[in-house]
Amino acid sequence: MNKKIKVKNSGLIKLQSFNDFPDGNLVIGESNRNVPFVIKRFYFINNLFNKKSHRGHHAHKKLEQIIFCINGSFVLKLDDGKNKQRILMDNPHYGVRLGPKLWHTMEKFSADCVILVLADDYYQESDYLRNYDEFIKYLNKK
Ligand code: TYD
């Protein structure tokens, strides 16, 4: 995992962990501690067996999220409208902040990949920018 984040409205989140070898690892996130908001929603994505799957391709106006790869790996592509970055998500102890106005795409999933996302608000379709030109226009409005 590349640990330097160059795009705006992002950053790395390190989870606390206990290596209980040979009884597994315990990995912990807490609202307003290592997770920088109160979690109102979470979702996970699994069964990523199709090598050609692509997800994301959108940005949010206000939503704050943290994305984790809790098993396997995938490639997260971030674009703040100026800078672009590609992050190999292969370490379950680190999450990446998906703050507002950050175009994101997920691809190259390993078959065993499981993605966990924490969000600071409920699902609202009106918060999505699903078209890239609309995203760039939204950035230039502010
Ligand atoms: P979307 O956010 O586009 O998925 P991804 O970014 O992973 O490709 O969501 C896919 C569909 O699921 C879309 O129709 C909206 C719906 N959805 C909800 O109803 N609630 C949710 O919390 C999320 C994340 C998605």
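The values are calculated or read from the model by the stated rules, or taken from the named source; none is laboratory data. All figures in this text were calculated on a predicted structure; none of them were measured in a lab. For neighbour counting, all protein chains shown are included, and Cβ atoms are generated from backbone atoms with ideal geometry for every residue, glycine included. What goes into the accessible areas is simple: the full protein's heavy atoms, side chains included, and nothing from ligands, DNA or RNA. Shrake-Rupley method; radii C 1.70, N 1.55, O 1.52, S 1.80 Å.
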For this session: Among what's in segment 88-140 and is more than 18 Å from Phe42 (Cα to Cα), part of a helix (DSSP H, G or I) and open to solvent by less than 40 Å² (accessible area, probe 1.4 Å), pick the residue that is nearest to the ligand (Cβ to nearest atom).
Result: Phe135
Seminar exercise, completed: In segment 2-30, anything open to solvent by less than 50 Å² (accessible area, probe 1.4 Å) and under 17 Å from the mean Cα position of the chain (by Cα) is listed as Ile5, Val7, Ser10, Gly11, Ile13, Leu15, Ile28, Gly29
Exercise. Say we look at segment 18-63 and pick out the residues that are assigned to a strand (DSSP E or B), β-branched (Val, Ile, Thr) and under 26 Å from Asp127 (Cα atoms); which of these is farthest from the ligand (Cβ to nearest atom)?
Worked result: Val35
Problem set entry | Residue tally, condition within 15 Å of the ligand (Cβ to nearest atom) and surrounded by fewer than 17 Cβ atoms within 10 Å (Cβ to Cβ), over segment 71-87 | 1
